[in-house]
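Okay, structure first, notes after.
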């Protein structure tokens, strides 16, 4: 009898264990661990997303600065090539004034009946100090003014760091910390040519300045 009772009890326990559903409960410690792991993973993914976004913005800002400097150089050089060489304003300076040969009398040539070269009204390439085109941008914009016409050549010019205009870089003038006296736009004589320099910039999310500098030599044809 005693042996039979033990056997029946043991079978009942085995049957109960096999018939019950498995325990799906989660302890508090397991829940905290799971949440901690998810937080770490989300933090890593968020950091990667920020890093990718920053890298993308830096590249975009660099490309925009490059495009602005390139446009400024191309437009300025193209117009200066048509200039009357001895009529170009005194250089070096951040502004250049000149006249170009043009057909004023409509005879199909920039030379009048007396054999004299016909010249346009005075043209000026400079920063838009006085917001001539009324777009509200001002000194960071390079413009070509031709009488009442104003053409934008480039935007996002670097600031002129030569605050006291002595041609030397003072410690307090190095705004972007690159150890170079940046002017944004600069014209200077090199023999019979004019050297044109345009510097544009972009900015990273952290405020770092991303600059591009381009220069070219232009020989006036007239």
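Odds and ends about this structure:
- Filtered residues of the stretch 147-180 (kept if outside any loop (DSSP other than H, G, I, E, B) and either under 22 Å from residue 217 (Cα atoms) or in contact (Cβ under 8 Å) with a residue 60 or more places away in the chain (or both)): 151, 152, 153, 154, 157
- Selection of the stretch 181-215 for residues being part of a loop (DSSP other than H, G, I, E, B) and either in contact with a strand residue (DSSP E or B) (Cβ under 6 Å, 6 or more places away or on another chain) or at pLDDT below 85 (or both) yields 182, 184, 204, 205, 206, 207, 208.
- Summed over the stretch 135-145, the residues that are closer than 20 Å to residue 161 by Cβ and touching a residue at least 12 places away in the same chain (Cβ under 8 Å) give a count of 5.
- Residue within the stretch 48-58 that is exposed (fewer than 15 other Cβ atoms within 10 Å of the Cβ) and over 30 Å from residue 204 (Cα atoms) present: no
- Looking at 132, 74, just one residue is in contact with a strand residue (DSSP E or B) (Cβ under 9 Å, 6 or more places away or on another chain), free of Cβ contacts under 8 Å to residues at least 40 places away in the same chain and not in a loop (DSSP other than H, G, I, E, B), and that residue is 74.
- Test: residue 68 is without any contact (Cβ under 8 Å) to a residue 24 or more places away in the chain and assigned to a helix (DSSP H, G or I): no
- Any hit, the stretch 27-47, residues being in a loop (DSSP other than H, G, I, E, B), farther than 30 Å from residue 203 by Cα and modelled with pLDDT under 80: no
- Residue satisfying all of: in the stretch 126-149; in contact with a helix residue (DSSP H, G or I) (Cβ under 7 Å, 6 or more places away or on another chain) and surrounded by 13 or more Cβ atoms within 10 Å (Cβ to Cβ); farthest from residue 69 (Cα to Cα) among these: 131
- When residues of the stretch 117-129 are limited to those that are at pLDDT below 95 and part of a loop (DSSP other than H, G, I, E, B), the one farthest from residue 198 (Cα to Cα): 118
- Screening residue 113 with (1) modelled with pLDDT of 85 or more; (2) farther than 18 Å from residue 83 by Cα gives one miss only, at (1).
The values are calculated or read from the model by the stated rules, or taken from the named source; none is laboratory data. This one's a predicted model, so the numbers in the text were calculated from it and none came from an experiment. In this analysis, Cβ positions are derived from the backbone assuming ideal geometry, glycine residues included, and neighbour counts consider all displayed protein chains.
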